[in-house]
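The values are calculated or read from the model by the stated rules, or taken from the named source; none is laboratory data. All values reported here derive from a predicted model rather than from experimental measurement. Positions of Cβ are backbone-derived with ideal geometry, glycine not excepted, and every protein chain shown enters the neighbour counts. Side chains are part of the model used for accessible areas, which takes the heavy atoms of the whole protein and leaves out ligands, DNA and RNA. Shrake-Rupley method; radii C 1.70, N 1.55, O 1.52, S 1.80 Å.
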Amino acid sequence: ITGGYGPKVADALKGKASVARLTTSKSIGDPALLAEVALVLGQCHFDVVHFNNGLHGWGYSEEEYQKGFPDLLATIRKHAPQAKLIWATITPMRQAGKLDVIAENTKRVQARNQIAEAIVAREGIAVDDLYGLVKDHPEYWSPDGVHFNAQGVAAQVEQVTKKITECLE
């Protein structure tokens, strides 16, 4: 999902911020994810880290997600200790070919969002509610029901750019 909006957010923030992005299929629960995050964050100083991980990793249970999420936070904080953090909620999924129907996996997305929201609330981390932004807009999805079309990407770019800009001020 970040592969869709990330480059356009970088363009929108040109002159205000340098944007780096990690787009990976690794998921919370996979120790290799933490190594990748550490590698990216170790490349330069970050003032803001806008992050999300949840649509990959269906092989990991929600219990494993809950156990692994604090490890992701700890890794981000260790390698970007002064950065303001923004957690982006996991976007729902729609049924491929029937975009007016929410996909069954969205129940797992909701569970993971609840897990993460409880943790980030306790930690005082800002939330970018991408789930809420797109949930009532089937017209935002590409035919696969997972990724977003130009209209959906544009809505995400606007919201993500606004959230990051607020943290930079």
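Brief remarks on what is shown
- Contour minus Cα-Cα distance for E169 and E104 (0.36 nm per residue): 19.5 nm
- The Rg/Rh ratio of the range 35-156, with both radii computed over alpha carbons and Rh defined as the Kirkwood radius, is 0.99.
- Accessible surface of R108, taken over heavy atoms with a 1.4 Å probe and every protein chain present, rounds to 60 Å².
- Phi-based couplings in Hz for the range 159-169 (Karplus 6.51, -1.76, 1.60; Gly and Pro marked x): 5, 5, 4, 4, 4, 5, 4, 4, 6, 7, 7
- Estimated 222 nm signal from helices in the chain, with DSSP H stretches of n ≥ 4 weighted -39500 (n - 2.57), rounded to 500: -15500 deg cm²/dmol
- Counting only Cβ charges, +1 for Lys and Arg and -1 for Asp and Glu, the dipole size of the chain around its Cα centre is about 240 debye.
- Annotation: amide H of F148 within the under-5 Å range of S142, sequence separation 5 or more or interchain, hydrogens built in the peptide plane.
- The range 20-169 - share of DSSP beta bridges that are antiparallel (%, nearest 5): 30
- Taking every protein chain into account, the accessible area of the chain amounts to 52 square angstrom per residue (probe 1.4 Å).
- Distant-in-sequence amide contacts of L85, defined by a placed amide H-H separation under 5 Å and a gap of 5 or more residues or a different chain, comprise V49, A126.
- Portion, in percent, of the accessible area of the chain that falls on carbon or sulfur, probe 1.4 Å: 52
- P(r), alpha carbons of the range 1-81 - 10 Å bins starting at zero, rounded %: 17, 48, 29, 6, 0
- Square roots of 5 times each gyration tensor eigenvalue, C-alpha, the range 73-113, largest first, Å: 32, 10, 7
- Only protein heavy atoms count here; under a 1.4 Å probe, D11 has an accessible surface of about 100 Å².
- For the range 11-24, Karplus couplings with θ = phi - 60° (6.51, -1.76, 1.60), whole Hz, Gly/Pro x: 5, 5, 9, 3, x, 10, 7, 8, 10, 10, 8, 10, 10, 9
- Residue-by-residue Karplus 3J(HN,Hα) for the range 88-101, coefficients 6.51, -1.76, 1.60, Hz, glycine and proline x: 9, 5, 6, 7, x, 10, 10, 6, 4, x, 9, 5, 7, 10
- Dipole axis of the chain (+1 Lys, Arg; -1 Asp, Glu on Cβ), positive-most option in Q66, N53, N113: N53
- Accessible area per residue was computed with a 1.4 Å probe on protein heavy atoms; E117 scores about 70 Å².
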